[in-house]
Amino acid sequence: MSATPETSSIGDVEKTAAGQTHTTEKDVTNGSISTSSSEYERYLELHHQFEGPARAKLVRKLDWRLLPTLSFLYLMCSLDKSNAGNARLFGFLEDVGMTPTQFNLALMYLFFTYGLCEPVSNIALRRLGPKLWFPIIVCAWGLITTMTCLVSNYGSYVVIRLVLGLAEAGLYPGSYFILSMWYTPTELATRMAIFYGANTGAGAFGGVIAYGVGNLDGVNGWRAWKWLFLIEGVITIFAGLVCFVLLPNFPHQYTAEKGSKWLEPEELEYAKLRVKYCNGPNAPTYVFRWSDVIAAAKDRKTYLMMMLFWWGGSVPTYSLSYTLPTMVNNLGYSAVKAQALTTPPYIFATCLCVFVGWMSDRYQKRFLSIMACYAIGLVGIIILWITVHHKNLVGVSYFAIFLAAGGYNAQASIVGAWTSVNVPNPSKRAAAIGLLMLFGSVGGGSIGSNIYLASEAPTYPLGFGFSVGATVLGAMIPAAIHWWLMRRENAKRDRMDLAEVQERYTQAELSEMGENSPLFRFTL
């Protein structure tokens, strides 16, 4: 396997360059070798220069600029999407005149527009850049959330949920793509985990907000659920406006004439090149092409990762998000106290998510990391399934909620990182992330919001049984197949003769091939 420059010694990087960089007569004739070779040589020069503390300083700058901004946006996105579960406990259904079935259907409808617009939004992000695209979509969904406080019947709530899904669709896949453009494979899962921790943090933060908003019930003649939507929506609009200032563009969008105010010129140049050449000198093109989008739609990897995101992520996490306050309430706690008790499981889930992401980066074992997450979540669901039948085991049931919330949320960053590091072409990567989330969101969200039926409370046989089956059959088995296929391909490429590969292909052709290049090795 070729050395990864960001974690290898200088000697290893230079050895990789010597093994992969080759000039053929065809390269020279076409002029394709000159630009890439000189750029890669500049990368090696900067890699020397940023060895040690200088590189750590650069990564810290990236962390402080990107992670707080994206994480807060995702926190608000998750709150605005899942606050329906909290509003329900404050009399939302009774005031609007909805049945529990209508409520579940309205929750499900969001995921149709949400999922369908994810790949479209990622393509728009790839073309326009985050500094323009993100403020537009964030302000839009903040405005829609504030308007939810005006809902008066089932039909108006359905319209709100459909439009909310349209606006929110770009944040999650877009943030994963933005991180993949700034961080190398050995840094990516940790950052995606910190970002995704905002989702689990939303469960904790949302419970605290709902607990506080519950005391506003009746103020100025408004029910608590109206205040909940209004407060969260206004905060989101403010966050969207701040994006214009804090959120940077993609590194390749900066030029010598239009540089960055938060990075020194050489830091910005190195930030561009270290991601571009993280797999060696045969770098992918950064030119947007529709053919790369089509290639992502035809790639087997996209659909195997979609299975993981769908059945092992969306179904259990969305179902827990919408049902957890009610589930805790069914353990014998009051509605207000149940809101507060949803916070500790999500704090644990956030910590576990970051720890698993860090371990995955440190050891570069994506498959083992994601299987460990599935196992933890599965154990939690099985324990909960058993103990809800016994009222004297409330403490054990509550502990099982910790495991379920932790395991199923921790897998998300690994899905994003495993997809990103194995698709080097940026346009194809943006499309692949959007496509796998399309099916995962539509399928997972629509199913997850309808498997824990109010009529089956508190034992929820359909919900628990479906979650177990989805995890094993829909996620763990496809993950094993995905790992085995990539491992087999790596072994096949290891048996190839490097000299024959270099004789057969030009450097430009190897760059064009992306992860299909004989010199590329999949991260397992």
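Give the residue that is surrounded by the fewest Cβ atoms within 10 Å (Cβ to Cβ), with candidates limited to residues of the range 515-524 that are touching a residue at least 12 places away in the same chain (Cβ under 8 Å) and not basic (Lys, Arg). The residue in question is LEU524. Residues in the range 133-166 that are of a type in the set (Phe, Trp, Tyr) and either over 20 Å from the mean Cα position of the chain (by Cα) or closer than 16 Å to MET108 by Cα (or both): TYR154, TYR157. In the range 272-320, the qualifying residues are those that are among the small types (Gly, Ala, Ser) and part of a helix (DSSP H, G or I), and the one that is nearest to SER397 (Cα to Cα) is SER319.
Looking at VAL379, VAL442, VAL388, which is the one that is open to solvent by 10 Å² or more (accessible area, probe 1.4 Å), out of contact with any Lys or Arg (no Cβ under 9 Å at 6 or more places or on another chain) and within 18 Å of TRP310 (Cβ to Cβ)?
Values: VAL379 fails: within 18 Å of TRP310 (Cβ to Cβ); VAL388 fails: within 18 Å of TRP310 (Cβ to Cβ).
None of the others qualify; the one that does is VAL442.
For the range 398-412, how many residues meet the condition of being surrounded by fewer than 24 Cβ atoms within 10 Å (Cβ to Cβ) and either farther than 16 Å from PHE355 by Cβ or in contact with a Cys (Cβ under 7 Å, 6 or more places away or on another chain) (or both)?
Going through the range 398-412, the residues surrounded by fewer than 24 Cβ atoms within 10 Å (Cβ to Cβ) turn out to be 398-400, 402-403.
Remaining after also requiring either farther than 16 Å from PHE355 by Cβ or in contact with a Cys (Cβ under 7 Å, 6 or more places away or on another chain) (or both): 398-400.
The total comes to 3.
For the range 484-514, a residue qualifies if it is buried (at least 20 other Cβ atoms within 10 Å of the Cβ), of a type outside the set (Ser, Thr, Tyr) and under 30 Å from the mean Cα position of the chain (by Cα), and the qualifying residues are MET486, LEU510, GLY514. The number of residues in the range 138-157 that are free of Cβ contacts under 8 Å to residues at least 24 places away in the same chain and buried (at least 17 other Cβ atoms within 10 Å of the Cβ) comes to 0.
Conditions first: (1) at pLDDT 80 or above; (2) polar (S, T, N, Q); (3) surrounded by 23 or more Cβ atoms within 10 Å (Cβ to Cβ). SER455 passes all but one, so which condition is the exception? Unmet for SER455, out of (1) at pLDDT 80 or above; (2) polar (S, T, N, Q); (3) surrounded by 23 or more Cβ atoms within 10 Å (Cβ to Cβ): (3). One residue is enough: does the range 88-96 have a residue meeting the conditions more than 30 Å from ALA271 (Cα to Cα), of a type in the set (Lys, Arg) and assigned to a helix (DSSP H, G or I)? Checked the range 88-96: at least one residue is more than 30 Å from ALA271 (Cα to Cα), of a type in the set (Lys, Arg) and assigned to a helix (DSSP H, G or I).
Only residues that are open to solvent by 30 Å² or more (accessible area, probe 1.4 Å) and either outside any helix (DSSP H, G or I) or closer than 22 Å to PHE111 by Cα (or both): list them for the range 66-81, please. Full working, then the answer.
Of all residues in the range 66-81, those open to solvent by 30 Å² or more (accessible area, probe 1.4 Å) come to 68, 72.
Answer for the range 66-81, where residues must be open to solvent by 30 Å² or more (accessible area, probe 1.4 Å) and either outside any helix (DSSP H, G or I) or closer than 22 Å to PHE111 by Cα (or both): just PHE72.
Among the residues of the range 88-137, the one identified as touching a Pro at 6+ places or on another chain (Cβ under 8 Å) and free of Cβ contacts under 8 Å to residues at least 40 places away in the same chain is LEU93.
Looking only at the range 253-284, which residues are surrounded by fewer than 15 Cβ atoms within 10 Å (Cβ to Cβ) and in contact (Cβ under 8 Å) with a residue 40 or more places away in the chain? Don't jump to the end; show me each part of the working.
Taking the range 253-284 and keeping what is surrounded by fewer than 15 Cβ atoms within 10 Å (Cβ to Cβ), we get 255-259, 261-262, 264-266.
TRP262, GLU266, listed by residue number.
The values are calculated or read from the model by the stated rules, or taken from the named source; none is laboratory data. For clarity, every value in this text was computed on a predicted model and none was experimentally measured. In this analysis, Cβ positions are derived from the backbone assuming ideal geometry, glycine residues included, and neighbour counts consider all displayed protein chains. Please note that ligands, DNA and RNA were not included when accessible areas were found on the heavy atoms of the full protein model with its side chains. Shrake-Rupley method; radii C 1.70, N 1.55, O 1.52, S 1.80 Å.
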